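The structure under discussion appears below in the form of structure tokens.
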Amino acid sequence: MQTMLANRLQKRMRHLRKWAKRHDISCYRLYERDIPEFPLIVDWYDGEAVVWLYERGQTDDEGETAVWHQDALNQIQDALDLSPRQIFVKTRARQRGLQQQYERFGEQGHTRLVTEHGLTFEVNLSDYLDTGLFLDHRPTRAMVREEAAGKRVLNLFAYTGSFSVYAAVGQAKATTTVDLSKKYCDWASRNLQHNGIRLSHQHQVIAQDCWQFLAKEKRRYDLIICDPPTFSNSKRMARSSFSVDRDHAELIRACLALLANGGSLIFSTNSRGFSLDETAVPRAYLATDITQQTIPEDFRNDKIHRCWRIASR
């Protein structure tokens, strides 16, 4: 067990390094709970690693947890030839109560640029539970770039705007990026600028509650991307809370109301217990499960998210 994790990491690195180079990808998932004794995730960010440590079991006390955590980190350093300063460690307990997504928990400010399919994105490896780039949606982003040409694209719950970057580089006629957080909208603006996309009437970033935007927007869109958080109770929202399991039918219908003739909605969620409500999609539309097309090669967990394309019949 002393070198089990290290051996697995080295094997994965040998395989994925060649694959990543072919596709011009500098950040990818190396390990996700492959070995039961090491329930952790390791993501590679071009010479640095982000490690999420999970609870191993209810029987471990604090001392036992500290021992296996340190053993895991030692093996990660050895396997990837990294110093402690090149590893960013985060602990991820089972979500309890009304925890907010994307909470800030650090102030190190370790930001850097990474590449994905030739595009450039800013990530923060130190200060948030997530880095600013969801690696599991890499194929979905590529799909958006392939079909964006000449289309008006709406990116809702946009986070740091990576879908908008792919759409804009894919020659979208226009992109509209909407997120409640001004901080993430500023980040999205920088990501567009990193890729040579100037903010303009053609490419807009809007800091607004997505529910309010959907209620007031008059324009129609050819492609809408909606990847909402599993849960939010932000005081800045028009509603007291949002649960994708509870509220997705209403959200999907609101998105479809803005869809142009012949357009499509890409709807995604990482809620593990999610079940698409049959009332969410009106009879005039067809929902196609495209999950398997959107799971990247570096992810062993094919349940990392669920994804549908919803379009008129």
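Which value in deg cm²/dmol, rounded to the nearest 500, describes the helix-derived mean residue ellipticity at 222 nm for the chain, given -39,500 (n - 2.57) per DSSP H run of n ≥ 4 and division by the residue count?
After summing the helix terms and dividing by residue count, I get -9000 deg cm²/dmol.
Of T160, T140, T291, the residue with the greatest mean-square motion in the GNM of the chain, using alpha carbon springs below 10 Å, is T291. Counting beta carbons within 10 Å around each of H15, H69, H137 and listing the fewest first gives the order H15, H69, H137. Neighbour counts of C-beta atoms inside 10 Å place K90, K183, K218, K303 in the sequence K218, K303, K183, K90, starting with the fewest. If you take the Cα centroid of the range 105-165 and the Cα centroid of the range 202-267, the two points sit 18 Å apart. The simple spin-label model puts a point 7 Å past each Cα toward its Cβ; for E62 and A260 those points are separated by 5.9 nm. Round to a whole angstrom and tell me the spacing of the C-alpha centers of the range 287-302 and the range 1-45. Centre-to-centre distance over Cα atoms comes out at 19 Å. Could you list R141, R313 in order of exposure, starting from the residue whose Cβ has the fewest other Cβ atoms within 10 Å? Lowest count first: R313, R141.
Close amide H pairs (under 5 Å, H built 1.01 Å from N) link V89 with V51, residues at least 5 positions away or on another chain. Here are several values of Rg and Dmax of the Cα atoms in Å: (i) 21.5, 71; (ii) 19.9, 60; (iii) 21.3, 67. Which one was derived from the coordinates shown? Read-out taken from this structure: (ii).
Each label point was placed 7 Å from the Cα along the Cα-to-Cβ direction; for K18 and Q108 their separation is 3.3 nm.
Values quoted throughout were computed directly from the atomic coordinates according to the rules given, and no laboratory measurement underlies them. Quick caveat, the model's predicted, so the values are computed rather than measured. Please note: Cβ atoms are built from the backbone with ideal geometry, for glycine as well, and neighbour counts cover all protein chains shown.
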